[in-house]
């Protein structure tokens, strides 16, 4: 669904432009040197501004890093709708979303672990909503049903939003959601952590295959028709 994007005023345009310089500089450092190499001074130098100017737009380094990581996440968001377009029910869509998310996150586990599991200094939901308020075009083609998931940084709530769609279509019982949600997230976080610490040598494709296998096994505890649905 293509959304109508409200034309920003001149002040917002200027804010977006300058923030983009800093975000792009931070993204460049992450890509070339790694997450730990990002500093306020280095970002400001690359962006062509001083550190004081950066603090006019970002509360702290965490704020900037989070926005830079969302630029990495943009690739996932852009292609998600196309990946799930042929799913004809909520359960099939659920597994396709997990498959796509796993494959992207397992290609860059450090970025995704930081984005979804790091303890930042300010509420992440606020930062995520601020980001997409500044860059709404990144969500233009996103189906409305996926907005509750993608606009929430908390994986527990993101996955719960998807599972609730399965409840509405009769695939799950509301009473089972809490346990299934916890099982699913433990499976995903464990694989992500194993890749991050190099405890396993799986390729992103193999790690995704294994994770989806375990997520399906968890789902079968609560719904034994997973196999018959071809998911």
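Does residue 164 qualify as being modelled with pLDDT of 80 or more and on the phi < 0 side of the Ramachandran plot? Before the answer, list the steps.
Details: modelled with pLDDT of 80 or more: yes; on the phi < 0 side of the Ramachandran plot: yes.
Criteria met by residue 164.
Find the residue count for the stretch 134-186, including only residues that are surrounded by fewer than 19 Cβ atoms within 10 Å (Cβ to Cβ), part of a loop (DSSP other than H, G, I, E, B) and in contact (Cβ under 8 Å) with a residue 12 or more places away in the chain. Looking only at that region, the number is 9. What is the number of the single condition among (1) closer than 30 Å to residue 13 by Cβ; (2) part of a loop (DSSP other than H, G, I, E, B) that residue 198 does not meet? The number of the failed condition is (1).
Looking across the stretch 211-222 at every residue that is more than 11 Å from residue 99 (Cβ to Cβ) and crowded, with 16+ Cβ neighbours inside 10 Å, the one that is modelled with the highest pLDDT is identified as 214. Tallying residues that are loosely packed, with under 15 Cβ neighbours inside 10 Å and at pLDDT 95 or above within the stretch 190-204 yields 3. Against the list (1) part of a helix (DSSP H, G or I); (2) touching a residue at least 40 places away in the same chain (Cβ under 8 Å); (3) within 27 Å of residue 207 (Cβ to Cβ), the condition residue 116 fails is (2).
When you scan the stretch 195-208, how many residues do you find that are within 19 Å of the chain's Cα centre (by Cα) and either farther than 23 Å from residue 156 by Cβ or free of Cβ contacts under 8 Å to residues at least 40 places away in the same chain (or both)?
We begin by selecting, within the stretch 195-208, every residue within 19 Å of the chain's Cα centre (by Cα); these are 195-196, 204-205, 207-208.
With either farther than 23 Å from residue 156 by Cβ or free of Cβ contacts under 8 Å to residues at least 40 places away in the same chain (or both) added as a condition, the list becomes 204-205.
Final tally of qualifying residues: 2.
Taking residue 126 as the residue in question, decide whether it is surrounded by fewer than 19 Cβ atoms within 10 Å (Cβ to Cβ), modelled with pLDDT under 95 and closer than 19 Å to residue 221 by Cα. Quick ask: steps written out before the conclusion?
Working: surrounded by fewer than 19 Cβ atoms within 10 Å (Cβ to Cβ): yes; modelled with pLDDT under 95: yes; closer than 19 Å to residue 221 by Cα: no.
No: the conditions fail for residue 126.
The values are calculated or read from the model by the stated rules, or taken from the named source; none is laboratory data. Here the structure is a predicted model, which is why all the values come from computation and not from measurement. Don't worry about glycine lacking a Cβ; one is built from the backbone with ideal geometry, like all the others, and counts go over all protein chains shown.
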